[in-house]
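This report refers to the structure that appears directly beneath it.
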Amino acid sequence: MHEMSITRSIVETVEREMDRAGLARLDKVRIRVGELTAVEPDVLRFCFETSIKGTRLEGAALDIEEVPLTGRCRACGESFRITGFASVCPKCKGTDIERIGGTELDIVSIEG
Amino acid sequence: MHEILIEEKILARNDEIAARNRNALKERGIYSINIVSAPGAGKTSLIERMAGELKNMGLRFAVVEGDLEGDFDSKRIERHGVPALQITTGRACHLDAHQISHALPWVFGQDSIELLVIENVGNMVCPAEYDLGEDIMVTVMSTTEGDDKPLKYPAIFSASGALVINKTDLAPHTDFDMNRARENALKVNPYLKIFETSCRTGSGVGAWATYLAGLVKDGKKK
């Protein structure tokens, strides 16, 4: 279960930013998780809640924006949601598809 | 209350170290692969078979082995005359770039190697997110696992450059459909190079080793 080590990375970054901004407490951490990552949002939320107990982050909510797997057709430029890994453009039926969303694993912002 | 924008990758620190690993390997002309699979798919057996094939091609390589416990795998590999370093991850389910950075001095101490093979912890989920600094990730799956595996673990198949489908000798005894497996893998990642092997009989390992030797050679030109 690597959600724990991902949580550790989130907490390290958040603590660094709290130091920089002089924040003593925190309300929210916003992150972005793509559909094609191997990260389970519910597990991540559980790990986060568990590991911030007794720290400066205690009480902060983890706000997860889930990003769907999205493609763009190289032929006609159409952007669309990829479901079932089918990679055919719904507009022109082209098959040369560039993936433009779904692999994100980003820390977006903090609120305190 | 105000919002402070951060906008960086959660694993930015790992990615930084991975980039340093990649540069250090490149400077010494060493190509590297990161082999991932479910436990028991045949990663170690594949490396053992590769030892013979690559030796015949005159290509020397070293292996870094990731396991939760023990040094059984590195011992298996050393028996084939290939230098192997065991990293035990304790309870961690994957290798990370930091662990590899500590293994690099050992790698650079090996005589005239052109290829580093990293055998990751047997796990099809967690290693997908951790760049180690390798040139390509290679997924191994086996015919006893089911041909729908790519659809169940898309992240790892999507992060890989090559797929080795192992245990072809057992396929007749299972419901595994090779064409469907290939279709599923290419659906998730149209750029995958797919190889079929049996590490028990040695069938198909030559084609995989030849392809890999080609990558090592091309890597040197860059």
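The values are calculated or read from the model by the stated rules, or taken from the named source; none is laboratory data. Quantities reported herein were computed from a predicted structural model and do not represent experimental measurements. Cβ sites come from the backbone with ideal geometry, for glycine too, and all protein chains shown count toward neighbours.
Some observations on this one:
- Subset tally (residues that are within 14 Å of chain B (Cβ to nearest Cβ) and buried (at least 19 other Cβ atoms within 10 Å of the Cβ)) for region A:36-56: 7
- Condition check for residue A:98: among the acidic types (Asp, Glu), modelled with pLDDT of 95 or more and more than 15 Å from residue A:10 (Cα to Cα): no
- Which listed residue is among the charged types (D, E, K, R), in a loop (DSSP other than H, G, I, E, B), within 14 Å of another protein chain (Cβ to nearest Cβ) and within 24 Å of residue B:219 (Cβ to Cβ), from B:131, B:111: B:131
- Condition check for residue A:48: of a type in the set (Phe, Trp, Tyr) and in contact with a Pro (Cβ under 8 Å, 6 or more places away or on another chain): no
- Taking first residues from region B:49-61 that are of a type in the set (A, V, I, L, M) and partners that are part of a helix (DSSP H, G or I), the Cβ contacts under 6 Å between residues at least 6 apart in sequence or on separate chains come to B:50/B:209; B:54/B:209; B:57/B:213; B:59/B:213.
- Of all residues in region A:21-28, one or more are modelled with pLDDT of 95 or more, surrounded by 13 or more Cβ atoms within 10 Å (Cβ to Cβ) and in a strand (DSSP E or B).
- In region B:146-161, the residues that are buried (at least 21 other Cβ atoms within 10 Å of the Cβ) and either part of a helix (DSSP H, G or I) or among the acidic types (Asp, Glu) (or both): B:147, B:149, B:150, B:154, B:155, B:156, B:157, B:158, B:159
- Listed conditions (1) assigned to a helix (DSSP H, G or I); (2) touching a residue at least 12 places away in the same chain (Cβ under 8 Å) are all met by residue A:66, apart from (1).
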